[in-house]
Every structure is written in C-alpha cells, then in structure tokens.
Amino acid sequence: MLRNFGRWRKLGRLALKSSSSTGKYGNSHRLNAHRTHRFNRPIIDHAGRVLAAFIPAPSDSSYVACVDRAFAKMMAEGDKANFDAGSLRHKRGDGFAAINVGLSYGNGHTKPSRPKLGRHKHLVEALLADKDMQRLAAYQDGGLFLSIPRPRANPGVASYTLWHPKAYRYYKEELDKLWEACPELIKPLFFKSIMPTVAFNIGRKVATRKHVDSQNCPFGWCLVTALGNFDYRVGGHIVLWELKLLLEFPAGSCVCLPSAIITHSNIPTGEGDTRASFTQYCSGEVFRYIENGFSTDAMLKAQDPLLYAINREKRKTRLMKGYEMFSTIEELLRGSG
C-alpha cells in the first residue's frame, strides 16, 4: 500500500529511506518479496486504487514459443547491429543497448515528431515487423478486449485495459485527436496497441539500475515484458522501491507501472542466464501539447493568453484527476472502471 499518494507524487522522486537502497540495482533484504508468476497481481494503495499490476504469461504453449522466438529475434538483430561502447552505457544501465522508437516530444521541439531511425533503422524495422513481437505488444495493450466485462472475462489478457481502463480510454481519445490534427504522425508501431513509443532493451544480461522515467505520463502506465532464458526465482526480479516490493518477473510476463513516479530496477540474472526486455509508453508532454490545442505553452501564451491562463488553472487540479484515473477494485468488478 502507498499512503499519502498525492503528497508523494508532488515531491516527484522519493528516496527509499532504508539502508538497503544504496546499491546500483539495490539489495533486497528489506523488501517484501512476492511470487507472482501464476496469477494477476494488482498492486493497490490505501484507497483501493490499482497503481500497478503484474500480468503472468498465458498458459498457452504457442505463447511460450512466441516469447522464445521474440527473444531470439532480438538477440540476432542486436548482434548484427554491432553496438558501440557508448550505446551500452546510459541512464537505464550498463552492458545493453536501449533503443527508443516512435513518438517523441520535448528538448526544444515545437511539436511531436517521429525521429529518424538512423543507423539502427534495419534493427528497428525488423523488430517492429516481427509477428511474435506484435503478439507480445498486443498482450501488453489488450485493446481488443476493451469491451469485455472486466475482470471476470479472462484475467490472463488485456493487461492495460483490464487494470487501468480509465487511463487507457484517455490515451485512446487524446491520441486520436493528435492523429486527426497531425496525420503525418500516424504510424502505428504495433497494429494491436495504442502506445506510440517503444523501448527495446537489447542485451544478454539486461538489468536496469534504479531510475524513474520522469518524461512519461505520470498517471499512465509503462508496459514492460521480460524476455530470455533465466531462472526467475534467482534473478530478473523487478523492484518497486517506494512500495518496497520485489516481484518475480518470468519471461513472457508483463509488469504495468506508472514509471514516472515509481522508482524501479531489476535484480541481475544468475550465471549463464540471459535476459532482455521491451517497454511501451507515452510521453506526458504529448498530452500537454494536445491540451494546448496542438501548441507549446510558449506559443499558446503568445497566441491565446486567455486559454493559456485557463489551462494553467486546470493544472492545479491535475494531480488529483490523474490519481483518480487509477480504478478501484470495486469499480473494476462492477465494470465501471
């Protein structure tokens, strides 16, 4: 449970005040370890709202084969990419490449764009076109199951829509506005997912260090799938630091979390094991651009000072409105989440 969520969110990053929080990946002896691999595990705060969720891989042999092939494809393409040393050292960790693809906004740009793929163009196109990666992305998203009575229908599908339907609808409605206003940006990464951005963490020993993804939408979820051949009881766990949770994270399963506000990391895998991952997400700045009538704050202030002032006032209540996007268990059971 996470108390005083609003106050905590306002502070941004909250260091876990524990002697166990000093390591790059973190020690686990003060964390609550949970075995998760067989069941859906919603992570609930003191008000009963689902802040994050663990979604197990389906009990389907074809899905297991899909996970294995997707990992093999990622490794094969990564080997051909011949990453330089600089590509293997970054905010998320060392020893693996983090390739971000899709919709981007910020860093001085006046509108969202899709950056050129550069020298990794072939790798990215190969992974996005891969049928197994497409299936894994669809499982993360679950958009095809939006109309199913949740969560009674099938608790092994519809990761995002099952547990965070209000935010899913918000993403869908707002991004549809963007595609209509900026048709040149329409280019789905995965045909059965609404998410406009993906990160491929490519390597044989992927374990992210403690970090938050501060540019992502704070009340939206990052959808993370683990890949590889590793003993999930020994390593590969995901650590959710403010929640003091250590979760087993087997290959093919999915963890959904608000990565902009919860510090997270992975425990390294055991000797001889291999692990990679991929994540779908969306920048929070994209939604601000849409809210501004497809304009930056500076442009809106110059062109329409009144609307700019109205939007600034609305942002004072955004924290609570964002928090209310997280459904309670009761709402999900009633199908009104």
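Values computed for the structure shown
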| read-out | value |
| --- | --- |
| Anisotropy class of the range 16-284 from Cα gyration tensor, a/c 1.5 cut | rounded |
| Integer Hz, Karplus 6.51/-1.76/1.60 couplings in order for the range 164-176, x for Gly and Pro | 9, x, 5, 5, 4, 5, 4, 4, 4, 5, 5, 5, 4 |
| Sorted peptide list for 113-123, 49-59, criterion being average Cβ within 10 angstrom, highest first | 49-59, 113-123 |
| Distance in nm between pseudo-label sites at Ser62 and Glu330 (7 Å out along the Cβ direction from Cα) | 4.1 |
| Computed lengthening from Lys91 to Asn107, 0.36 nm per intervening residue step minus Cα-Cα distance | 4.1 nm |
| Distance (nanometres) between label positions extended 7 Å along Cα→Cβ at Lys301 and Ala126 | 4.7 |
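Readers should treat all values here as calculations from the given coordinates under stated rules, not as data from a laboratory. Just so you know, these numbers come straight off a predicted model, no measurement behind them. Cβ coordinates were reconstructed from backbone atoms using ideal geometry, including for glycine residues, and neighbour counts include every protein chain displayed.
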